[in-house]
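What follows is a set of notes on a single structure, which appears directly below.
The values are calculated or read from the model by the stated rules, or taken from the named source; none is laboratory data. This one's a predicted model, so the numbers in the text were calculated from it and none came from an experiment. Here the Cβ is made from the backbone with ideal geometry for all residues, glycine too, and neighbour counts use every protein chain on show. Each accessible area value is taken on the protein alone, full model and side chains, heavy atoms only, with ligands, DNA and RNA left out. Shrake-Rupley method; radii C 1.70, N 1.55, O 1.52, S 1.80 Å.
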Amino acid sequence: MGIAARVERFVAMGTRIELHVFGVGSEDALVAARRAIEGVDDALTIHRPSPTTALNDELLAGHSVAIDDPVLAEALIAIDAAHALTEGLFDPAADRRFAGAGWGDLVFDRSSARIAATRPLALDFGGFGKGFALDRACAALRDAGVVCACLSAGESSIAVIGEHPLGGGWPFAIPDPSRTDAVLVEVELVDEALSISTTVGAGTQAPERAAMIRPTDGGIVTAARCTVAIDRTGGAAEAMSTALLVADAARARRLLDAAPAQRFLYDLSKAAARTDDTARMQAA
Amino acid sequence: MTDKDFNLSRRSFIDRVLTATAGAGMATAAPWAVSAASAAAGAEPVKSNPVRLGVIGTGDRGRALIQNIAKSRNCTVVAICDSYAPNLVKAQQWAPTARRFADHREMLDARGIDAVVIATPLDTHAKLCFDAFDAGLHVWCEKAMARTIADCGAMITHAKAAGKILQIGHQRMFHPTYLNALKRARAGEIGTLTQIRASWHRNNAWRRAVPADANDRQINWRLYRDRSAGLMTELATHQLQVGNWFLDAVPTRVIGSGSICFWKDGREVYDHVALIYEYSGGRKLIYTSLLNNARYGCEEQIQGSKGTIEPELGRIYQEVPAKVLALQRMHKDVARGHKRTVPIGGATWFPELPVTTPGESLGWGEYDETMLQFEGFGEAVRAGKPLPGLLRQAYQASVASLLGEQAMDQNQAMTWPTNLVAI
Ligand SMILES: NC(=O)c1ccc[n+]([C@@H]2O[C@H](COP(=O)([O-])OP(=O)(O)OC[C@H]3O[C@@H](n4cnc5c(N)ncnc54)[C@H](O)[C@@H]3O)[C@@H](O)[C@H]2O)c1
């Protein structure tokens, strides 16, 4: 007997999203999950007017702001935790235009949902948004009775609900972005999220892709690295893979040692990035 | 078709219009259609005291209009007029009891009509329209309004001064598929609209055979510059109206290039036009019309961040990303009870070929939108109040088509005129 499977594919957060649900779950589960992701996109985007661009306008003007958008408020709480988890290396307030500015310049009161900046800065949630959106989508699916699902946002962010439909963990292999056919690591997920970040490979050459900023000195990260992080939430996994990408050797060691089965860092500086045929093709 | 069958199809057509216009924001987006359809839904079953129409111009379009007017419940053709006798004769079968005239002034003088319908060559619209208003009559006139922007405005000024209705023929504004498309676009289904790519492509000379008793200027008036702006006024007007309507704005500027590229047969108007109409916020309508390739036909591709609408085909398409191959394989594996590692996170490449998904139907069919235009007109004449919003759309579409012609003729960007008549 086959396992009932349903799929929803769409574009959001600037990437392609796939939601695969297996087995039980109400009729409208996928629609609810899709709406959840689109809701995060609407709240966190800086590419069109949104609660986040409104917040940035206020922060740049030096005002203190009450966050009334519930999705943005929840994201800020998650970011505050992720910032702490990554020793401050994940920093959505790091911006080359304002060298030295960062999350530490923000005063965020969780209980009143008020935020103020001690110097002009602006927030850019970047990849964190994708993981956070998958978290909200997983919550919507669970609310709809789903117990088995695999969600992907642009292939670099994955979240799973429950075990694989055939039992056990969901097995994923992370390919080496600099060498076709080579695998960096194989992992198994159960009720977890996975995030992959890299400075190498075709996707990184997309012209619209923002450079990765190192919050410690505001510089652009150029080291050839690929990082992988697994966590209970997509938001935390994104924050960690980003942090590992920008971390110096000592910090990277500390973060890796704290969870060796969930955090991976690969130095790809020796392998040349392949760029053949890129002109004709488009990155995912 | 029997009367009973027609009543049924009429009812289902009007129901479709009512359904399409019954959405949030539709009362402001298509108020003319809301008015016309709700009046039509409550219309009396037979023509009691209909609005009496005199049709000027019984060429191809005029005859089609007469047949549509016959279907309406509140209008009737009591007079027909054409300066070219063979066309008047051809029209007779559709309006056997109507009085016939060779000169429109005789028809106006003979009285007995409430409104005129103008379906003559473009350069004659304004004058015929002024004469009708001067005779105290209402006017229904085919698109485009007039040969010049100034005359389009003058038609409106005259209507206002005479206190009469002026309605312009834009059947797409009453078409259930278009209304449905607009409703779904307004509901956000195709995301933020940034571009409309519209085309009217044909593969024929657009030239009619000239009978022995007529001359070329008379029959092929579309190909003469003083009579018509060619593709712009005869075809593009429809699509420019659709563009303004869906983008909910008028263009700020237009650039364009026109040429006589293929049919070098002595015609004066372009057989090939390409224009870009710019709208606020960087939005664009890209328009092409040509007469030597019909593959892409007549269409407006309304493009948003989440989807596309093609109203002529009657379809709406979602933006569907290519499938993630590894996840698709996982899916198939599960279906056959097989568990394999899923390679993920590598850069996925795919060539950017056109997407050919079938999309979803917006409803399509042979509708009676031209009949509904007249029922709306009949209602407007009786109430002494024009269908709301319609004339503005028509005026802006005609101005856009003529401004496009200027941009091509002068080979320079033309900004939207600031001295248009207020409606
Ligand atoms: N809405 C539409 O889809 C649509 C389609 C076709 C045409 N039209 C419009 O209809 C109008 C007519 O187009 P057509 O294709 O029927 O052209 P046509 O040449 O077939 O018919 C025009 C008729 O008007 C007559 N005429 C010319 N001057 C006259 C005058 N002063 N008095 C009386 N009769 C006169 C001609 O003899 C001819 O019979 C144009 O404005 C055109 O843009 C609209």
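Just a few scattered comments:
- Neighbour count of at most 15 Cβ within 10 Å plus DSSP loop: longest GluC sites (Glu not before Pro)-free window in chain A: A:88-207
- Beta bridges per DSSP, both residues in the protein assembly as shown: antiparallel share near 75 percent.
- Within chain B, DSSP assigns beta bridges of which about 55% are antiparallel (rounded to the nearest 5).
- Percentage relative contact order, chain A, counting C-alpha pairs under 8 Å, at least six apart: 19
- Per residue of B:333-344, other chain Cβ atoms within 10 Å of the residue Cβ number 6 on average.
- Aspartates and glutamates with Cα under 19 Å of B:Lys160, excluding same-chain neighbours fewer than 8 positions away: B:Asp114, B:Asp131, B:Asp134, B:Glu142, B:Asp151, B:Glu379
- With contributions of -39500 (n - 2.57) from each DSSP H run of at least four residues, the per-residue ellipticity at 222 nm computed over chain A stands at -9000 deg cm²/dmol.
- Chains B and A together bury some 3000 Å² of accessible area, summed over both sides, with a 1.4 Å probe.
- When shorter helices are ignored and each DSSP H run of at least 4 residues is given -39500 (n - 2.57), the per-residue value for chain B at 222 nm works out to -11500 deg cm²/dmol.
- Over 29 Å (Cα to Cα) - which of B:Lys143/B:Lys306; B:Lys127/B:Lys385; B:Lys306/B:Lys385; B:Lys4/B:Lys164; B:Lys143/B:Lys284 fall in this group: B:Lys143/B:Lys306; B:Lys306/B:Lys385; B:Lys4/B:Lys164
- Once exposed loop chymotrypsin sites (Phe, Trp or Tyr not before Pro) are cut out (DSSP; at most 14 other Cβ, 10 Å), longest piece of chain B: B:1-261
- Sequence-distant lysines (8 or more away, or on other chains) whose Cα lies within less than 20 Å of B:Lys90: B:Lys71
- Nonlocal amide H pairs with B:Val342, under 5 Å, H built at 1.01 Å: A:Phe172, A:Ala173
- Under a Gaussian network description of chain A, with springs only between Cα atoms under 10 Å, the residue in A:Arg136, A:Arg48, A:Arg254 that fluctuates furthest is A:Arg48.
- Around A:Ala32: net Lys/Arg minus Asp/Glu count, Cβ-Cβ under 13 Å: 0
- Less than 5 angstrom separates the built amide H of B:Gly297 from those of B:His201, all sequence-distant by 5 or more or on a different chain.
- Normalised by the number of residues in region B:26-116, the mean separation of alpha-carbon contacts (under 8 Å, six or more apart) gives a relative contact order of 30 percent.
- Straight-line cross-link partners of B:Lys332 among the lysines, defined as a Cα under 18 Å from its Cα and at least 8 positions apart when in the same chain: B:Lys323.
- For the residues B:Gln393, B:Gln373, B:Gln410, a GNM of chain B with alpha-carbon springs under 10 Å puts the largest fluctuation on B:Gln410.
- Summing charges over neighbours of A:Ala144, with a neighbour being any other residue whose Cβ is under 14 Å away from its Cβ, gives +1 when K and R count +1 and D and E count -1.
- Whole-percent carbon and sulfur share, accessible surface of the protein assembly as shown, 1.4 Å: 52
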